[in-house]
Amino acid sequence: MIFNTPIFFWFFCIFILFYGFAFLNQTPKVYLILISSLVFYGAWNYSFIPLLCASGIADYFIAQAIAKSATKQGKKRWLIVSLMINLGILAIFKYADFAIESVADLLSVLGYQASFTTLSWVLPVGISFYTFQSLSYTIDVYRGDMKPRKGLLEFVAALSFFPQLVAGPILRAKHILPQMHKISLPKWLEAKHGFLLITVGLIKKTGADILAIPADKAFAAQETLSTLEMWTGVLAFAGQIYGDFSGYTDMAIGLALLLGFNIPLNFRVPYFAKSPVDFWRRWHISLSTWLKDYLYISLGGNRNHNRTRNVFLTMLLGGLWHGAAWTFIAWGAFHGAIITLTHYLADLKVFKRFNHSKKIWISGLKWAITFYLILIGWVFFRATDIHSAINIIANLHTIGSANVLGMHAWSIFILTVIWILLVHIMDYFVIKSANTLEQKSWQFWLVIIVGQALCLLIGEPSNEFIYFQF
Amino acid sequence: MNSSTSNFNESNVSKNTECLPLNEQQASAPRPSKDKRVYIKITLAIALTMMAAMGLVRVLLDSNDVNKQGILGRVLQAQAALPQIIAEPNELVMFYGSSMTRAGFSPRKFDHDLKAIGKDITSFNFGFGGLNPYYQEIFSRRIAEQFIEKDRKLKLAFIEFNPFQTTTTRWNRAQFTVDSFITMLANDSELWQILTDDLSRGIQLFTIKYIRNHISAEMITSYYAREIFPPQREQVFTDDEATVAARQSLAQELNQLFEQEYPDYDGSNWYYPWQGGGTIPAERSAHTLTVFDKYYAVSQTAARMKNDRLSRIRSADIEALHFEPVLLESFINMVKNFQGFSDQVEVVMLPKNSRYIHYSPAAQKRLAQAIKQIEKATGIKIKNHQDIEEVNADMFRDTTHLSRYRGDIAYTEFLFKKYAAQL
């Protein structure tokens, strides 16, 4: 069930009627959330419902066991069990085939022709999101950052909470569990903000689907396109993935607000970033903070002069989190490299003045360099293989046939740039001053109605969200 | 909740993202838990905004004629004419097929020739551009329903097997129309069947039919996408300026002559007085026919024909003919539907312009295989009229469609000679 499909609309309408008018007490509400979330998840593939529940149930009891363990050693043992279960699920469902194929390729390069059977299992939707969410709970309990919760149903309901189940944001247990423990009514102003976010999310998704046309064209026919068309394609993909993912997140936050839940922001105008580090503070914030808190810090963080290694490893694994392919690893490595380079340059005396300057042209230059690097990174992310990615990057830097193209190619390029800019301005407005609009009644509803009409008009419900595959 | 997300500002953002600050104490802040007022407001807001947004969409689409009638006007007009057709006193003949049928069969000429030998038959042209066999099959069910309900039968049904409409390329290019066309052509019990097989798709189709007025978002997006990203047109060959100018001027003259000679024509795509076919030479003036001759001389040029061929190779795979199993299966089912209410069913392949269309050896094999599959499934031997002597390459307005007053008349006469004895 995808948020922008008719089936989800009717599902949510029925849900809200029960939630708002029939299930008024805490425990029935939790039951309703749990059952509805499992129905929502089962709409893709009901056979993975037991996996989702088992993962949650296991971590719930492991957290209790960690808390009960008297010794550090005992706590650690239980944490390792939790890590093995969650990462094991990921390894089997997501990475096993990739590992098998990579070993076969390696042996083939070494001259051995080995034939391995791959598992070819279907990847459960949202597996990367809910395993990380569940894992954060046991780690927090192990670290003493939170006490284990009582209430298995609440825990599984929080883990499977349908607005964020399949594509995040990755919620921390300490954030969602207290809300699930005491479900509160939304204030009307919060609900209005929910409507605004849902509309903004739909608009972003609609735009993303349109940008997919030049993006797909560029990545499919890389050899035959001009430099301008390639740049248009890469820009379009940057706009597509942002609109698609942040659009989904906005809808998730908006839906949660209508139910009285507060889900943290996951994007903050990321293409306005002025350095790669800044980009990761604005892009998929729930993942980057998860990786920082649970991986980077666990690896030692900035201590012992190991920052470079730790940053690189964190980004590499962050890339791998997105998918079992060398292109994602390359994307992670690329970001690891540019963050490391940023740290290195920031430490140099000659760059310190540059870095702290508030002159507009310097800010513009920093933004341009960062955006350029992000676009190059997206080539690795979107390309079918490393070879194609390198070809595309080479094509992007070939001074060639752009001048012979007509107005049409330029128009698409300009429209793509305008759309990305508009989406960012819209986001900036939502973050900065949405409440001003929300207090103006008829203007607010006009925006909602026109926005939703636009999405109904051209939003294709058959297009899945990109991040569902992760 | 910790901080109202409806008052999101930078400070809230940093709180939310950096330390995820919601603690238990904040979350459990007392709130009236059974107050339904906010959910009354939320429910009303969902219903009213959706209704208003949908209303806006409907107004916009209708004002641009993007609706069922605007898209499938000819099909729907033919469907609306079915009760009248069924009530005709004469025996009935129907030619069912694609735009090639629409251009290639003249029902009034056919009836006129039959009448001359003492046979009272009323025939109809049910050729529709843009309908591949998948859609034709659904529409054939609607025709069958009405005939069977009134216990009426066709004396003879010609069904066109159009290989160019049955390719995978053609099928892929029609994907954006699938949802809309299904809702326009299928009935509710068929949609209900889809819903029981696939809940999500069923709900989507019912929503498109009853809330979106049959127009899926894919249809609209595709329309705008074509505006922004126009499909590649094969315009490799060009005519000289004089030919182009003459073509435009003669086309304009023909339009004016049509308006003068058919003042009563109501603009229907499927016009009952013409039995779904086009005009016939017998009712045109000598001057008009001369203008037609001149027009064909400047419009059937080698450059236009070659461009058209390239365009159809791209859009319909007309020379390699990779058949789409779904479309072949639909075609077979369509023939079976017609067998249910026809005394005789003939599956025919209309003439093709062999000066420009040349099947590859592999295509010939695939075509033979497809024909064999259809014949085996339906028990009907396909009559291949693609290269009949009675129709030559000068009788086509492009690489696939017969031209008016030349190709359609020649082919209709051919059918008359072949089938008059059986009627």
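Every read-out reported here was derived from the displayed coordinates using simple, explicitly stated rules and does not represent laboratory data. The model shown is predicted, which means the values in this text are computed figures rather than measured ones. Cβ placement follows ideal geometry from the backbone for every residue including glycine, while neighbour counts extend to all protein chains displayed.
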Exercise. Straight-line reach from B:Lys115: which lysines have a Cα under 22 Å away, not including same-chain ones fewer than 8 places off?
Worked result: B:Lys153, B:Lys155, B:Lys417, B:Lys418
For this session: Sequence neighbours fewer than 8 away in the same chain don't count; with that in mind, list the aspartates and glutamates whose C-alpha is under 16 Å from B:Lys36.
Result: A:Glu190
Exercise. Just the Cα atoms of the protein assembly as shown, one point each, no solvent: what log10 I(q)/I(0) does Debye give at q = 0.07, 0.10 Å⁻¹?
Worked result: -0.71, -1.19
Seminar exercise, completed: In a Gaussian network model of chain B with springs linking alpha carbons closer than 10 Å, the residue among B:Ser330, B:Ser106, B:Ser222 that fluctuates most is B:Ser222
For this session: Specify which residue in the list B:Ala78, A:Gly301, A:Gly336 is farthest towards the positive end of the charge dipole of the protein assembly as shown, using unit charges on the beta carbon of Lys, Arg (+1) and Asp, Glu (-1), about the Cα centre.
Result: A:Gly301
For this session: Could you work out the local net charge near B:Ile318, counting Lys and Arg as +1, Asp and Glu as -1, over the other residues with Cβ closer than 9 Å to its Cβ?
Result: +1
Exercise. Chain A: longest stretch without exposed trypsin sites (Lys or Arg not before Pro) (DSSP loop, at most 13 other Cβ within 10 Å), sites themselves excluded?
Worked result: A:151-357
Exercise. What number of lysine-lysine pairs in the range A:259-389 show an alpha-carbon separation below 14 angstrom, given a sequence spacing of 8 or more or placement on distinct chains?
Worked result: 5
For this session: Could you grab the relative contact order for the range B:255-360? Cα pairs under 8 Å, six or more apart, rounded to a whole percent.
Result: 25
Seminar exercise, completed: the range B:104-208: relative contact order from alpha carbon pairs under 8 Å, six or more residues apart, as a whole percent, is 22
Exercise. Picking from B:Ile211, B:Ile182, B:Ile42, which is most flexible by a Gaussian network model of chain B using Cα springs under 10 Å?
Worked result: B:Ile42
Problem set entry | Rg ratio (alpha-carbon, reference 2.2 N^0.38 Å) - chain A | 1.02
For this session: Per residue of B:208-216, count partner chain C-beta atoms within 10 Å of its C-beta, then hand back the mean as an integer.
Result: 1
Seminar exercise, completed: Looking only at aspartates and glutamates whose Cα falls under 15 Å of A:Lys174's and that sit 8 or more positions away or on another chain, we get A:Asp59, A:Asp140, A:Asp145, A:Glu154, A:Asp293, B:Glu18, B:Glu24
Problem set entry | Under-5 Å amide H pairs with B:Ile159, H placed in peptide plane, nonlocal only | B:Tyr96, B:Glu346, B:Val347, B:Val348
For this session: Find, among the GluC sites (Glu not before Pro) in the range B:342-423, those assigned to loop by DSSP (not H, G, I, E, B) with at most 15 other beta-carbon atoms within 10 angstrom.
Result: B:Glu389, B:Glu390
For this session: Identify which of B:Glu241, B:Glu88, B:Glu137 has the largest mean-square fluctuation in a Gaussian network model of chain B, with springs joining Cα atoms closer than 10 Å.
Result: B:Glu241
Problem set entry | B:Gly130 long-range amide H proximity, modeled H, under 5 Å | B:Ser99
Exercise. With a sphere of radius 13 Å drawn around the Cβ of A:Phe129, what net charge do the other residues whose Cβ falls strictly inside it have (Lys, Arg +1; Asp, Glu -1)?
Worked result: +2
Exercise. What does the charge add up to near A:Gln439, with Lys and Arg as +1, Asp and Glu as -1, over the other residues with Cβ less than 15 Å from its Cβ?
Worked result: +2
For this session: Quick one: what are the phi-derived ³J(HN,Hα) couplings along the range B:158-174, Karplus 6.51/-1.76/1.60 with θ = phi - 60°, whole Hz, x for glycine and proline?
Result: 8, 10, 7, 9, 9, x, 6, 8, 10, 8, 5, 4, 4, 5, 4, 6, 9
Problem set entry | Karplus-derived 3J(HN,Hα), 6.51/-1.76/1.60, for each residue of the range A:379-391, Hz, glycine and proline x | 4, 5, 5, 8, 5, 6, 8, 4, 4, 4, 4, 5, 4
Problem set entry | Contact order relative to length of chain B, as percent, for alpha carbon pairs under 8 angstrom and 6 or more apart | 23
